[in-house]
Amino acid sequence: MSSDNHIGQNTLGRFRILGSFWAVYGIIRLVMVLGLLIYDGTATLMFGALLNRVPDPFALMGIFHFIYASMIVLSAICGIIGFVAGLALLGGMRAGRKLALIAAILSVCDIPLGITLGIYTLVELLPVATAQLFAHS
């Protein structure tokens, strides 16, 4: 067993751990989508209660619904891509690096878990040396 092989196995083990984190993060984001869908009425009622003294509350309520729907869609996309990227990294697939980078970029807006996992993924998988490592799998 050469020293290069040992480094390669250690790096792939690290990517498998990263893949398990992405799979768990994807599940958390999909649970968040479920929560956003379940409590849609409550969030609308709470935001509407704040619009007592606003001259045009219907425009603001429309903006609220647009932003709320956008957050549901973003969470669903991040959850699906994160889960698939986690499974691809766990399996050592070639597409795992690209999917994890896409998931990292999309998840940076989620505080604190998305920022932590996204930045770590960008630092680990963005260098060209890791692209060559995934080219052999």
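The values are calculated or read from the model by the stated rules, or taken from the named source; none is laboratory data. It should be emphasised that the depicted structure is a prediction, and the values quoted were computed from it without experimental measurement. Here the Cβ is made from the backbone with ideal geometry for all residues, glycine too, and neighbour counts use every protein chain on show.
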Log entry, pairs with first residue in the stretch 77-99 being at pLDDT below 95, second being of a type in the set (D, E, K, R) and assigned to a helix (DSSP H, G or I), beta carbons closer than 8 Å, six or more apart or on different chains, reads 89/16; 89/97; 90/16; 92/16
Going through the stretch 34-48 in order, the residues found to be loosely packed, with under 11 Cβ neighbours inside 10 Å and hydroxyl-bearing (Ser, Thr, Tyr) are 42
> Taking the condition over 25 Å from residue 18 (Cα atoms), at pLDDT 95 or above and surrounded by 14 or more Cβ atoms within 10 Å (Cβ to Cβ), does residue 68 pass?
Replying inline: yes
Quiz item: Can you find even one residue in the stretch 105-124 that is among the aromatic types (Phe, Trp, Tyr), on the phi < 0 side of the Ramachandran plot and either at pLDDT below 95 or in contact with a Leu (Cβ under 6 Å, 6 or more places away or on another chain) (or both)?
Solution: yes
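Of these, 118, 26, 92, which one is surrounded by fewer than 17 Cβ atoms within 10 Å (Cβ to Cβ) and out of contact with any Lys or Arg (no Cβ under 7 Å at 6 or more places or on another chain)?
92
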Per the list (1) in a helix (DSSP H, G or I); (2) in contact (Cβ under 8 Å) with a residue 24 or more places away in the chain, residue check on residue 110 breaks on (1)
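Taking the criterion of being part of a loop (DSSP other than H, G, I, E, B), among the hydroxyl-bearing types (Ser, Thr, Tyr) and either modelled with pLDDT of 95 or more or out of contact with any Leu (no Cβ under 9 Å at 6 or more places or on another chain) (or both), would at least one residue in the stretch 32-40 satisfy it? Walk me through it before giving the result.
Narrowing the stretch 32-40 to residues part of a loop (DSSP other than H, G, I, E, B): 39.
Retained after the next criterion (residues that are among the hydroxyl-bearing types (Ser, Thr, Tyr)): 39.
From the residues that got through so far, the ones that are either modelled with pLDDT of 95 or more or out of contact with any Leu (no Cβ under 9 Å at 6 or more places or on another chain) (or both) too are 39.
Yes: the stretch 32-40 contains one or more residues that are part of a loop (DSSP other than H, G, I, E, B), among the hydroxyl-bearing types (Ser, Thr, Tyr) and either modelled with pLDDT of 95 or more or out of contact with any Leu (no Cβ under 9 Å at 6 or more places or on another chain) (or both).
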Check your understanding: Within the stretch 53-65, can one find any residue that is at pLDDT below 95, under 23 Å from residue 27 (Cα atoms) and charged (D, E, K, R)?
Key -> no
Expected output for the stretch 30-58 (first residue free of Cβ contacts under 8 Å to residues at least 60 places away in the same chain, partner assigned to a helix (DSSP H, G or I) and of a type in the set (Phe, Trp, Tyr), Cβ below 6 Å, 6+ apart or cross-chain) is 47/64
